[in-house]
1. Would you kindly calculate the mean projected area, averaged across all directions, of the convex hull enclosing the Cα atoms of the stretch 391-520, in square nanometres?
2. Roughly speaking, what is the stretch gain from ASN58 to ASP298, that is 0.36 nm per residue apart minus the C-alpha to C-alpha distance, in nm to one decimal?
3. Going by alpha carbons, how many degrees (0 to 90, nearest 10) lie between the helix axis of 385-412 and the longest principal axis of the chain?
4. Along the Cα-to-Cβ line of LYS476, 7 Å from the Cα, sits a label point; which residues in the stretch 428-461 have backbone N less than 17 Å from it?
5. Within the accessible area of the stretch 320-388, what % is carbon and sulfur when the probe is 1.4 Å and the other protein chains stay in place?
6. Measuring from label point to label point, each 7 Å out along Cα→Cβ, what is the TYR492 to GLU422 span in nm?
7. Quickly rank 475-487, 374-386 as a protection proxy: mean count of other C-beta atoms within 10 Å, highest first.
8. Taking the alpha-carbon set of the stretch 429-489, what are its Rg and Dmax in Å?
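The values are calculated or read from the model by the stated rules, or taken from the named source; none is laboratory data. Because the structure is predicted, anything quoted here is derived from the model rather than measured. No Cβ is skipped: glycine too gets one built from the backbone with ideal geometry, and neighbour counts run over all protein chains shown. Accessible surface is based on the protein model in full, side chains and every heavy atom, while ligands, DNA and RNA are left aside. Shrake-Rupley method; radii C 1.70, N 1.55, O 1.52, S 1.80 Å.
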Amino acid sequence: MRTNPATGAYSGYYRLVESYRNYEDRVCHRTILNAGYLDELTTDQLNLIQKILTSKVNNHGNPLFELPYTDDATVTHYVDKFYNRMVAEKRIDVLVGKVPSKSGRDIQAIDINSIRNKDVREIGAEWMSYQAIGQLQIAPFLGRQGWGDDDIKLAQSHIISRAVYPASELETTRWIKENSSVCEVTGYDIERVTKDRLYAISKKLYAEKEALEQHLSVRTNELFDIEDKIVLYDLTNTYFEGRKQNSQLAKYGRNKEKRNDVKLVVLALVVNPEGFIKYSSILEGNMADSKTLEGMIDNLRTKTSVSARKALVVIDAGIATEENLEMIRAKGYDYLCVSRSGLKDYHVGAGATTVTVTDNKKQKIDLCHVTSGRNTDYYLKVKSHAKALKERSMNGQFRSRFEAELQKIADSLTKKGGVKQEDKVHQRIGRAKQKYPSIGRYFDIETEVKEEVLTKRKRKGTEPVQEIKRTVTAIKWAVKEGVDINARSGVYFIRTCVEAISEQTVWQFYNTIREIEATFRVLKTDLDLRPIYHQKDESTMAHLHLGLLAYWVVNTVRHQLKTKGINSGWREIVRTMNTQKAVTTLAQNVHDEVIMIRRCSEPNQNVRNIYDALKYKYAPFVKRKSVVHKSELDDCQFIEQQHLRSG
């Protein structure tokens with residue numbers, strides 16, 4: 001209240017004041033405008049002017065927002081007058097007549113102390129795998145099978161999770177909820193992810209195994225222009241943790257991991273030289289390798305994309321029985337394998353010469369075409385200098401151990417209480433030969449036996465009986481005359497029914513089997529397919545099938561990278577890609593609003609190289625922005641107390 005110099009009356013002098021909270025969270029006021037003496041206005045008019053001005057300032061003068069209604073011309077006059085003065089005197093920030101920036105820049109005035117990052121998650125490997133799934137067209141296939149959108153998104157999320165972070169369903173659920181952006185990539189609601197849903201979707205995917213496998217086989221052939229002229233067949237096994245008492249699948253068998261105390265399941269795969277699976281089968285753990293081939297061959301053409309022309313089936317020696325080779329020919333295929341037994345009676349063909357090549361470790365390999373009287377197949381004698389050196393060393397070690405066993409037997413003959421009976425001594429010799437079969441067959445072993453006639457009475461009152469006691473007094477051993485233990489070191493024979501091909505071609509065809517070995521390594525190591533903890537056979541098969549689907553994603557990525565000279569293993573690729581994150585940034589602007597921006601971090605050069613080699617996009621989204629009032633932000637005491645105290 002003061003004296004109005006124009007009228008001399010004692011009246012109110014008005015100021016337009018803004019209320020705000022300072023950094024100590026105290027309510028303060030600052031004068032925006034000196035309005036002067038307003039004696040001609042009523043209290044209701046003054047309150048209405050204040051409300052309209054507040055609304056206009058909060059909405060930056062935008063007429064699209066509804067303002068408090070009035071038909072009082074005086075009020076409207078003063079509102080326009082005061083608002084224009086505030087704009088002219090730059091007392092407020094408004095977007096009057098602002099033209100959107102052609103560069104797309106969104107400039108905000110924010111409190112830098114309010115900036116923080118939250119919800120940082122890995123996205124690089126997930127986004128790369130999602131784009132590989134897109135190449136494989138798994139989602140459209142499942143859609144044609146009648147799957148709903150939610151199940152398709154969950155299936156994609158689970159396959160990607162298995163490829164990027166192989167773990168149990170419970171651990172996968174925690175990883176998805178706490179570490180990964182996989183649901184952000186696939187669009188599945190992260191709050192709905194549970195271990196039970198992951199178990200269920202695995203079983204539903206396994207129900208589509210035959211059709212899905214055929215789709216993927218055809219799709220990869222079309223995608224990478226593959227003709228399947230060569231297919232590889234092999235088996236591996238993986239073991240269970242647990243007793244598996246009621247399982248029809250888990251059996252004791254020959255464990256390739258030397259775990260003879262656990263039950264096994266056998267995984268049989270047909271793979272092409274590019275590493276893509278043509279057909280798979282899950283078999284009982286005690287299934288012999290040589291007995292599994294016929295069923296796989298029967299399914300090879302009817303359930304995969306192998307053309308009507310002859311394909312070359314490459315198999316390992318353990319499967320290459322004479323019966324299996326005849327069966328392959330009868331089914332209309334050619335075969336190539338390692339001969340199960342070394343040829344003894346063979347001769348070098350007329351005009352044949354030794355060809356020297358190098359393997360993938362740059363080690364010399366000698367190749368020579370030979371013929372055998374057994375059959376008309378093409379045989380290639382392979383001599384590896386590095387393998388020969390290794391086998392000589394092993395033979396020397398086995399020989400010393402074998403002779404040490406024989407020496408123990410000989411020493412026992414001179415000890416009191418030692419084993420001297422002829423039959424028991426021969427049993428010990430037999431066990432030594434069984435332990436070292438590759439060396440024992442080269443030795444002649446002789447024993448000197450002493451006979452004694454003993455008279456014994458079986459029972460009282462019976463006639464005495466004479467028995468002959470045969471006791472070994474000495475044992476001698478030596479390598480058979482004219483035999484060289486190391487004569488065949490580093491030598492093996494490749495056998496094929498294909499005619500008129502060169503030594504180098506046979507060698508190249510045989511080396512494709514390395515690809516199926518690499519497949520098993522990826523499945524067991526990178527995708528953690530062993531051991532299996534599931535107790536029910538249905539869950540076991542779903543688990544293995546999910547691993548195979550993840551392998552399709554892995555090989556789709558790696559196959560393309562190899563063509564660009566990037567030969568990194570899958571774990572290294574995932575580690576590199578996981579340097580790209582998705583992060584939410586929050587900041588408070590001068591209008592007490594919180595700006596939330598979700599975006600992907602810029603990929604580093606190594607990640608860019610992988611994206612470029614795959615011709616994939618760098619990120620699933622550029623930026624997602626939202627603006628809310630500070631009071632509407634759920635979790636936020638946005639300016640933290642330590643920030644406030646630091647000023």
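1. That works out to 15.3 nm², a quarter of the Cα hull's surface.
2. On the way: separation 240, 0.36 × 240 = 86.40 nm, distance 7.54 nm.
Gain on stretching ASN58 to ASP298: 78.9 nm.
3. The helix 385-412 is inclined about 60 degrees to the chain.
4. Taking a point 7 Å out along Cα→Cβ of LYS476, the residues of the stretch 428-461 whose backbone N falls under 17 Å are 443-450.
5. Working: 1770 of 3850 Å².
Percent of accessible area from carbon and sulfur atoms in the stretch 320-388: 46.
6. That separation, rounded to one decimal, is 4.2 nm.
7. Going by the mean number of other Cβ atoms within 10 Å, highest first, we get 374-386, 475-487.
8. Expressed in Å, the Cα Rg and Dmax of the stretch 429-489 come to 19.6, 65.
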